[in-house]
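Structure, as structure tokens:
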Amino acid sequence: MSGAEFLQFAAVVSLGLLSFAFLLTIIRIVRGPTIPDRVLALDMLVSIGIAYIAVVAIKTSFSLYLDVAIALGLVGFLATVAFARYVQHRGLKRKNMPSDDRETKQ
Amino acid sequence: MNRAALAIILALIWASITGNFSAPNLVLGGGVSILALWLVRTEVSTPYYFKKFRLAVSLTLLFFYELALSAVRVSMLVLSPNLKSKLKPGIIAFPLTVQSDVEITLLANLITLTPGTLSVDVSEDKTKLYVHAISVPDKQALIDEIAQGFEAKIIEVFE
Amino acid sequence: MIEEITSYAAGVLLLAGALFSLIAAIVLLRLPDLYTRMHAASKTGTMGAGLSFLAIALTAFDGPVILRAIVGFIFLMLTAPVSAHLLARAACLVGYKPSNLTELNDFARDRSD
């Protein structure tokens, strides 16, 4: 197998693995059980998305995809920071409600 | 003075990333850098950080090495079949020796990237760093490991 | 010749990156609580995306593209611990409890004083 062929093969296999990872992460987003869990899973989804775009960039050898991946990284970071603030503010208001202790039952 | 030097460095980074060293692009980069520095507001002192350049480089290398190691170790841990018996998570209070904000930030980031530990919060008087660890068989051993590893190295670079 | 070697290296990096991402996703499903899951997402997940960036840097024979890939890699490495730390801090302050396996909790102890 030549280098270019191996690279194409690796790209296809990586796309498959990443798709599977995508699916597992979405299961976690749906199952929750709390908001921070979902935020964490969304953060994970962004980094899988970055990896996905990077693989597509190599497969098509179209380097503009790299900028897309970097922009997604920036947006994903800001989104997580904003979500963390949201978790903090929302939680303080409903601190005494018992429903926030659900995750300990796992 | 510091800010002007920093703005020029940032403008050069801007130009090299966009891959275009023409005058209008450099001016645009400079404008963006000044705007960004104005937004940051607090005084950033650059020359201080470059005093011990070689130590700083070795710290950076350590950072990447630890990151790779931690990714592999965490993967090995979670792929083992009887997972629940191996987990022994806990949040410990790590007594800080370093005092300045920069050092604490750096230490917290390095701790997050080491295998099995994650920094959670700094106490208000900056004397304790709360660290979540994925398995704590011995609390004192973990504290010693951090104090003699990363913290010692950071003190070496900054003092 | 050099292109052959970099292609093989980039392919291996891509596969390793995808594998790390998959492991991180499995961890999200298997571990019991938010704080332990965060270990995997902040380290292994970032490693996956970071390795893909390095693979781009290896395959592109073009100065600015390589530089951008490396800058993207560094950016990912710098932001990952920050976002993990912020989320853990927010969850801890609000009082999301760690799982029952957790024996030691200095944070909760100090807060309750």
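Quick note: the coordinates plus some simple rules give every number you see, no bench work behind them. These numbers were taken from a predicted model, which means no experiment stands behind them. Virtual Cβ from ideal backbone geometry, glycine too; neighbours counted across all protein chains shown.
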Problem set entry | Space enclosed by the convex hull of the alpha-carbon atoms of chain B, per residue, Å³ | 150 Å³
Exercise. So which of A:LYS59/C:LYS43; B:LYS139/C:LYS97; B:LYS126/B:LYS153 end up more than 22 Å apart, counting from Cα to Cα?
Worked result: A:LYS59/C:LYS43
Exercise. With each pseudo-label sitting 7 Å past Cα toward Cβ, what's the B:GLN99-A:ARG85 distance in nm, one decimal?
Worked result: 3.2 nm
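Which value in Å is the Kirkwood Rh of the protein assembly as shown over different Cα pairs?
21.9 Å
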For this session: Sticking to Cα atoms, compute the Rg of the range A:41-92 to one decimal and its Dmax as the biggest Cα-Cα distance, whole number, in Å.
Result: 14.0, 48
For this session: Mind pulling the per residue volume of the convex hull built on the Cα atoms of the range A:3-96? Å³ is fine.
Result: 74 Å³
Problem set entry | Sorted by Cβ density within 10 Å, fewest first, the residues B:GLU151, B:GLU145, B:GLU124, B:GLU66 | B:GLU124, B:GLU145, B:GLU66, B:GLU151
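Restricting things to Cα coordinates, could you compute the convex hull volume per residue of the range B:69-159 in Å³?
Details: hull volume 7.8 nm³, N = 91.
Given the Cα convex hull of the range B:69-159, per-residue volume reads 86 Å³.
Please arrange C:LYS43, A:LYS59 by counting, for each residue, the other beta carbons lying within 10 Å of its beta carbon, fewest first.
A:LYS59, C:LYS43
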For this session: Post the alpha-carbon centroid distance, the range B:65-105 to the range A:1-45, in whole angstrom.
Result: 23 Å
Exercise. Kyte-Doolittle mean at least 0.0 and Cα extent at least 30 Å along the axis: which DSSP H helices of chain B qualify?
Worked result: B:53-79
Problem set entry | log₁₀ of I(q)/I(0) at q = 0.13, 0.20, 0.24 Å⁻¹ - the range C:2-112, Debye sum with one point per alpha carbon | -0.61, -1.02, -1.25
